[in-house]
Amino acid sequence: MNTQKLTNIIISQRKTMDTFFKENQIIDREILKINPEKYLEYPNILAITGIRRSGKSILGLFLLKEKKYGYINFFDERLANFTSEDFEILISAFYEIYGNIDYFIFDEIQRIKGWQLFVSRFRINKKIIITGSNSELLGSNLAKYLTGRYVELKLYPLSFREYLKIKNIDYNNIENLGILINELNNYMDSGGFPEVYKIGTIIINTIFHDIVENDIIYNKNIKNNNIREVADYLVSNSGNEISINNIKNNFQIKDLHTLTKYINYIENSYLIIPIKKFSFKFKEQFKAKRKYFCVDTGLINYASFKINPDKGKLMENIVLIELLRLSFLKNYELYYWKDYNDHEIDFIIKQKEKIIKMINVTYASSFKEVKQREIISLNKGLKELKCDNMEIITWDFNDAIEKNGYKIKYTSLLNFLLKDDIIE
């Protein structure tokens, strides 16, 4: 590619983004609380990853808004023929436009084969943000070339608090309680993709289609239509234990290895999130079924086509994503737990070698509505996992009830999503 063509693309993309910032409401994402720009100190790279349309590009541009920087988005048909050999021409084009600059944003850079070698060399003297909608962005090649000189920030769709900011609702005002509950229902139905609250829920169809068709099928050159059905199945069954063999038989996929690859592709697109079953025995943990959660409840409602969605499952999904948002700061791991008698705990939070919290989620509005199996399962976990920090997330019941010397905390989903520290 020649310098003039790249110069025109850079200027065009920059104008588009500048116009977007002027014409749209841009809120501070909560991930900014950790001061992510500190990870740009020489010679580190900041990698912002996550599902497409979650706001990665906007976050990167927001971080550098006070800096002089170069920006290019490789998800542009005009760059379809861009190769790794064109990076030097690209940098020349940046310097021609902006002069000597130290900051660069390379958006969706994983689309360019061999980009890792360029970034590895270029980051020695420059500060770089890279974004990607596929977890292969930080695959083995990047780790090999950068030898730990990068930090990954995983961005999820809007949290409920971020959603309320977009809606200009003060969640600290107790008089807004009824409004907050109504908005929580809307959030559960529509999910957290920012564009939904500008364009409407019709955009969810486009997002789901783009992820499956572009990020998975096109990028991996898949000819078999079964992967579409597998993606639909995993999303619509979010939060359930999944049997790989059952999927294989249901969709008549002959090769188990092929199905495993399909699931990995769907996972790498950030559409689904696997949660392992916890066990003190590694072999048992490895062999156990996984649960797959969807990254957004709006996508679940789109894929499942249910007239009356399972609100308990949607609540569980929202709680999981909220726990994952904090895992970067708190440095913990998430599992589910189940014993041989099917006593189950939705989420086990493990920090280092210790279980620090157990959480169950249920769509209940009073203590009487909380099913005994939720309480019994936590008591079983108390004995086997040696953890007495137990909580049940309900729809709108709050209390702390002590029995036999142990206390279970009951927290409404609204309070859970609005409090500052959900890992107490």
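For region 36-46, which positions are in contact with a helix residue (DSSP H, G or I) (Cβ under 6 Å, 6 or more places away or on another chain) and of a type outside the set (D, E, K, R)?
Here is the first cut: in region 36-46, the residues in contact with a helix residue (DSSP H, G or I) (Cβ under 6 Å, 6 or more places away or on another chain) are 37, 46.
Of everything in region 36-46, just one residue is in contact with a helix residue (DSSP H, G or I) (Cβ under 6 Å, 6 or more places away or on another chain) and of a type outside the set (D, E, K, R), namely Leu46.
Let's see how each residue does on (1) crowded, with 20+ Cβ neighbours inside 10 Å; (2) closer than 21 Å to Lys291 by Cβ:
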| site | (1), (2) |
| --- | --- |
| Tyr163 | yes, no |
| Asn172 | no, no |
| Met188 | yes, yes |
| Gly192 | yes, yes |
| Tyr197 | no, no |
| Glu213 | no, no |
| Asn219 | no, no |
| Lys223 | no, no |
| Lys254 | no, no |
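Output yes when any residue across region 258-277 is more than 20 Å from Asp215 (Cβ to Cβ), touching a strand residue (DSSP E or B) at 6+ places or on another chain (Cβ under 6 Å) and either of a type in the set (Asp, Glu) or in a helix (DSSP H, G or I) (or both), and no when none is.
Scanning region 258-277 turns up no residue that is more than 20 Å from Asp215 (Cβ to Cβ), touching a strand residue (DSSP E or B) at 6+ places or on another chain (Cβ under 6 Å) and either of a type in the set (Asp, Glu) or in a helix (DSSP H, G or I) (or both).
Using the structure shown, decide if Leu180 is aliphatic (A, V, I, L, M), closer than 15 Å to Asp28 by Cβ and in contact with a helix residue (DSSP H, G or I) (Cβ under 8 Å, 6 or more places away or on another chain).
When the stated conditions are applied, Leu180 does not pass them.
Given the structure, is Lys220 more than 23 Å from the chain's Cα centre (by Cα), among the charged types (D, E, K, R) and in the same structural domain as Glu267 (by TED's automatic domain parsing)?
Judged against the criteria, Lys220 is not a match.
Can Ile376 be described as under 25 Å from the mean Cα position of the chain (by Cα) and aliphatic (A, V, I, L, M)?
Working: under 25 Å from the mean Cα position of the chain (by Cα): no; aliphatic (A, V, I, L, M): yes.
Spelling it out, it is not the case that Ile376 is under 25 Å from the mean Cα position of the chain (by Cα) and aliphatic (A, V, I, L, M).
Being crowded, with 16+ Cβ neighbours inside 10 Å, aromatic (Phe, Trp, Tyr), touching a residue at least 60 places away in the same chain (Cβ under 8 Å) and in a helix (DSSP H, G or I) is the requirement here; does Tyr302 meet it? First the steps, then the outcome.
Values: crowded, with 16+ Cβ neighbours inside 10 Å: yes; aromatic (Phe, Trp, Tyr): yes; touching a residue at least 60 places away in the same chain (Cβ under 8 Å): yes; in a helix (DSSP H, G or I): yes.
Yes; evaluated as a whole, the condition is true for this residue.
State whether the residues of region 382-400 include one that is of a type in the set (D, E, K, R), at pLDDT 95 or above and more than 27 Å from Gln285 (Cβ to Cβ).
Within region 382-400 (the criterion being of a type in the set (D, E, K, R), at pLDDT 95 or above and more than 27 Å from Gln285 (Cβ to Cβ)), the answer is yes, since at least one residue qualifies.
Sort through Glu152, Glu175 and tell me the only one that's closer than 30 Å to Leu40 by Cα and of a type in the set (D, E, K, R).
Of the residues listed, the single one that is closer than 30 Å to Leu40 by Cα and of a type in the set (D, E, K, R) is Glu152.
Looking only at region 302-353, count every residue that is within 26 Å of Gln372 (Cα to Cα), of a type in the set (A, V, I, L, M) and out of contact with any Phe, Trp or Tyr (no Cβ under 8 Å at 6 or more places or on another chain) and tell me the total.
Number of matching residues: 1.
Being of a type in the set (Gly, Ala, Ser) and without any contact (Cβ under 8 Å) to a residue 40 or more places away in the chain: is that true of Gly191 here?
Details: of a type in the set (Gly, Ala, Ser): yes; without any contact (Cβ under 8 Å) to a residue 40 or more places away in the chain: no.
Judged against the criteria, Gly191 is not a match.
Cβ-Cβ distance below 7 Å, separation of 6 or more or different chains: which pairs start in region 229-251 with a residue that is among the hydrophobic types (A, V, I, L, M, F, W, C) and end on one that is in a loop (DSSP other than H, G, I, E, B)?
The qualifying pairs are Val230/Phe251; Ala231/Leu271; Val235/Leu271; Ile242/Lys289.
The rows are residues; the columns are (1) in the same structural domain as Leu326 (by TED's automatic domain parsing); (2) touching a residue at least 40 places away in the same chain (Cβ under 8 Å); (3) touching a Leu at 6+ places or on another chain (Cβ under 7 Å); (4) of a type in the set (Ser, Thr, Tyr).
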| position | (1), (2), (3), (4) |
| --- | --- |
| Leu59 | no, yes, yes, no |
| Arg78 | no, yes, no, no |
| Phe82 | no, yes, no, no |
| Ile101 | no, no, no, no |
| Gln116 | no, no, yes, no |
| Thr131 | no, yes, no, yes |
| Asn134 | no, yes, no, no |
| Glu162 | no, yes, no, no |
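Residue pairs, Cβ under 7 Å, 6 or more apart or interchain, first in region 1-16 and within 17 Å of Phe75 (Cβ to Cβ), second of a type in the set (Val, Ile, Thr) and surrounded by 12 or more Cβ atoms within 10 Å (Cβ to Cβ). List them.
Met1/Ile89; Leu6/Ile89; Ile10/Ile72; Ile10/Ile97; Gln13/Ile72
Check every one of the helices (runs of 4 or more DSSP H) wholly within region 52-144 and list those with 1 or more residues that are within 20 Å of Lys5 (Cβ to Cβ), at pLDDT 90 or above and more than 19 Å from the chain's Cα centre (by Cα).
Result: 87-98, 115-122.
In the set Glu344, Glu353, which member is over 24 Å from Gly192 (Cβ atoms), out of contact with any Cys (no Cβ under 9 Å at 6 or more places or on another chain) and at pLDDT 95 or above? Working first, answer last.
Details: Glu353 fails: at pLDDT 95 or above.
Among Glu344, Glu353, only Glu344 is over 24 Å from Gly192 (Cβ atoms), out of contact with any Cys (no Cβ under 9 Å at 6 or more places or on another chain) and at pLDDT 95 or above.
What are the residues in region 195-228 that are in contact (Cβ under 8 Å) with a residue 24 or more places away in the chain and of a type in the set (Asp, Glu), if any?
If the condition is that a residue be in contact (Cβ under 8 Å) with a residue 24 or more places away in the chain and of a type in the set (Asp, Glu), then Glu195, Asp210, Asp215 are the ones that fit.
Across region 37-51, what is the total count of residues that are in a helix (DSSP H, G or I) and surrounded by fewer than 20 Cβ atoms within 10 Å (Cβ to Cβ)?
Number satisfying all stated conditions: 3.
Looking at (1) of a type in the set (Phe, Trp, Tyr); (2) in contact with a Gly (Cβ under 9 Å, 6 or more places away or on another chain); (3) assigned to a helix (DSSP H, G or I), which is the only condition Tyr292 fails?
Only one criterion in (1) of a type in the set (Phe, Trp, Tyr); (2) in contact with a Gly (Cβ under 9 Å, 6 or more places away or on another chain); (3) assigned to a helix (DSSP H, G or I) is unmet by Tyr292, namely (3).
The values are calculated or read from the model by the stated rules, or taken from the named source; none is laboratory data. From a predicted model like this one, the values you see are computed outputs, not experimental measurements. Here Cβ is always computed from backbone atoms with ideal geometry, including for glycine, and neighbour counts include all displayed protein chains.
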